[in-house]
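The values are calculated or read from the model by the stated rules, or taken from the named source; none is laboratory data. All values derive from a computational prediction rather than experimental measurement. Ideal geometry is used to build each Cβ from the backbone, glycine not excepted, and the neighbour counts take in all protein chains shown.
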Amino acid sequence: MVNPAHGTGGQSHDESLSDLKPVPRIAIQAFCETREVAAVIEAAAADRRMSKAHVKVQMGGLAVAVEFYQGAPTPNLVIVESSEQRDTLLNRLDSLADVCDAGTKVFVIGHINDVLLFRELMRRGVSEYVVAPFGIFDLIKSVSELYTTANAAPLGRSIGFFGAKGGCGASTICHNVAWAISTTFKHDVILADLDLPFGTGGIDFNQDPTQGIGDALLAPDRVDDVYLDRLLTKCSDHFNLLAAPATLDRCFDITDTAMEPIVDLVRASVPAVVFDIPHMWASWTRNTMRNLDEIVIVTCPDLASLRNAKNLIDDLKAARPNDAPPRLLINMNGVPKRPEIKPEEFSRALEVPLLAVIPFEPQLFGNAANNGQMIAEMDPKHALGETFRSIAQTVMGKAEIRVAKKPTAGLSLFSRFKKRA
């Protein structure tokens, strides 16, 4: 790394900028010890190549970061500056690992140019180590390469909601959970409405998008991150809708793999992608579900839903033997005068634990739908808002209650992330 006052070393300005790729929609929090490093990070955040990222900078270094994340979820990338010596730095990083969520990358800015320290940090799972001082384009390039290189893991966690029976409210649950992810974690979220002719994403969020996922399916050769930005409808600071056409003027007879490029693209663009999958059994819906990180089966507490949920769970377990089984959510529980299967009996029959049980509250959900709002927007104090936040934590892999722990000798940052996952 080089001094920011001296640009980028031996490279010309134009040559260095030509190598820079835009940073995707990630959340970045930086904890700095010196104003000089903080100023470089703030300047980098103002560059157009980081315009999609949400960057927060505060002073305090590693010690403040460890204390801060005792009770807060970690973002996609944590940048920490430390001027401490080798042993102290490693001990503090062990403490940071104890409070980091799975999938969070750690970028360390140090003041010691030590190859042995660098190797030890890499062995412990630190994603990047740079020595101050450095330039803003050095920082942008380092951050970008963590997410845009060919061997980089997909950025986004992909979550799909599928109704075991038509009319069980899977779309409503899906939309509320997607909204809860964006507001709880301050992550950018894309809700992809895959119900092409009848999708309700636009109605539920009071939007009238002119473009959406239908355009991407009709022009697959044009699908890239620039084209994706044009298709998204921004509903809030962190929430984006990839809307369904919701018209009957054309039929979408799509192939088995037609959705794959779109799924791969959105996963590489944001920290969380939520798919509203229509209640239909086609090769493309089955393939889409089989390739997601999390699948939530939404059911009603009746016999038809039980049968369908069992068939779905059996199929997905067989197709994904190395993944966790689908999650089970009962919606519209407690409809007056309707014979129902008790939630615990429903769960026991399927041998799958319940993610949540949503009560039958037609007036609440009806008013929210008519207003184009989510439950937590319309009534922030309602208990269901907390239920949706809890579901969001679980499907994002961040449901664990964080308790401060003493560092364990010999346990690397990487192994701790893996254990928490």
- Query: Do we have any residue at all in the stretch 178-189 that's assigned by TED's automatic domain parsing to the domain that holds A304 and among the acidic types (D, E)?
  - Reply: yes
- Confirm whether E120 is on the phi < 0 side of the Ramachandran plot and surrounded by 18 or more Cβ atoms within 10 Å (Cβ to Cβ). no
- Give me the pairs: first residue in the stretch 331-352 and aromatic (F, W, Y), second residue not in a helix (DSSP H, G or I), beta-carbon distance under 6 Å, and six or more apart or on different chains, which are they? F346/P301
- Determine, yes or no, whether R327 is under 17 Å from T394 (Cβ atoms) and touching a residue at least 60 places away in the same chain (Cβ under 8 Å). yes
- Note on the structure: Selection over the stretch 187-213 where residues are closer than 25 Å to T257 by Cα, more than 23 Å from the chain's Cα centre (by Cα) and either acidic (D, E) or not in a loop (DSSP other than H, G, I, E, B) (or both) yields a count of 0
- Item | Boolean, V143 is crowded, with 22+ Cβ neighbours inside 10 Å, in the same structural domain as A30 (by TED's automatic domain parsing) and over 25 Å from S390 (Cα atoms) | yes
- Query: Got a number for residues in the stretch 297-332 being within 11 Å of C168 (Cβ to Cβ) and either touching a Leu at 6+ places or on another chain (Cβ under 8 Å) or part of a strand (DSSP E or B) (or both)?
  - Reply: 8
